[in-house]
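Here is the structure we will look at, set down as structure tokens.
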Amino acid sequence: MTKLTNEEIIAGVQSQNHVVLHSIYRSSFRIVSLYIQRNSGTEEDANDIFQEALIVVYRKVQEPSFSLTCSFETYLYAICRNLWLKELHNRDRIPQELIGDALFNEFELEDDIENVILMNDRYRLYQKHFELMGEDCKKLMTLFLKKVPLKDIARVMGLKSEQYAKKKKFRCKEALVKSIQSDVEFNHISDL
């Protein structure tokens with residue numbers, strides 16, 4: 001297979017083309033994995049970081065104003081590097097000098113990439129604690145987030161009134177917020 005252009009890669013990521021995604025993995029994962037393993041990580045860490053980087057890339061390429069000023073590989077490597085540095089910071093294991101950093105240091109990420117990474121972290125934390133909620137709270141919150149009116153939520157869930165549904169939603173939301181704020185990961189995300 002011939003090397004894909006930035007435009008072909010971006011179009012492939014936007015459309016979630018499996019051939020393009022496989023090509024990205026084949027051409028870039030080994031270098032990212034080697035970098036992470038040489039800098040206090042494992043193969044599993046590399047897989048996690050690479051997958052998270054692809055999510056960040058996917059979100060960025062959906063933006064109408066997105067354009068690359070470097071090769072796609074350099075862009076992906078920079079995201080992986082930043083994600084790995086953030087992970088090392090969270091683990092309190094930042095080394096004095098990173099091995100092989102020259103390749104990954106070619107490109108400075110825009111501030112909005114950092115925001116996308118932070119947004120991903122927050123969403124993952126939210127999902128983790130949402131899944132820990134009781135079934136009634138999960139159902140109520142899901143309906144509420146889908147903008148179902150409270151009177152309909154009360155009816156669907158067999159609650160005695162719209163006012164009771166509102167109180168229950170408040171209690172569920174409050175419990176979710178407390179659960180998230182008590183998580184150690186919340187402090188790492190808040191410190192960024």
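The values are calculated or read from the model by the stated rules, or taken from the named source; none is laboratory data. Nothing here was measured: the structure is a model prediction, and the numbers come from that model. We place every Cβ from the backbone using ideal geometry, glycine too, and count neighbours over all the protein chains shown.
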Where Ser71 falls short, out of the listed (1) touching a residue at least 60 places away in the same chain (Cβ under 8 Å); (2) hydroxyl-bearing (Ser, Thr, Tyr); (3) over 19 Å from Glu8 (Cβ atoms): (3)
Criterion violated by Glu106 - all others in (1) at pLDDT below 85; (2) closer than 16 Å to Val13 by Cα; (3) in contact with a Ser or Thr (Cβ under 9 Å, 6 or more places away or on another chain) satisfied: (2)
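Against the definition (within 28 Å of Leu125 (Cα to Cα) and either outside any loop (DSSP other than H, G, I, E, B) or touching a strand residue (DSSP E or B) at 6+ places or on another chain (Cβ under 6 Å) (or both)), how does Val20 come out, yes or no? Quick ask: steps written out before the conclusion?
Numbers: within 28 Å of Leu125 (Cα to Cα): no; either outside any loop (DSSP other than H, G, I, E, B) or touching a strand residue (DSSP E or B) at 6+ places or on another chain (Cβ under 6 Å) (or both): yes.
It is false that Val20 is within 28 Å of Leu125 (Cα to Cα) and either outside any loop (DSSP other than H, G, I, E, B) or touching a strand residue (DSSP E or B) at 6+ places or on another chain (Cβ under 6 Å) (or both).
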Among (1) within 24 Å of Ile9 (Cα to Cα); (2) at pLDDT below 90, the one test that Arg91 misses: (1)
Test: residue in region 145-159 that is under 22 Å from the mean Cα position of the chain (by Cα) and either modelled with pLDDT under 90 or in the same structural domain as Ala53 (by TED's automatic domain parsing) (or both): yes
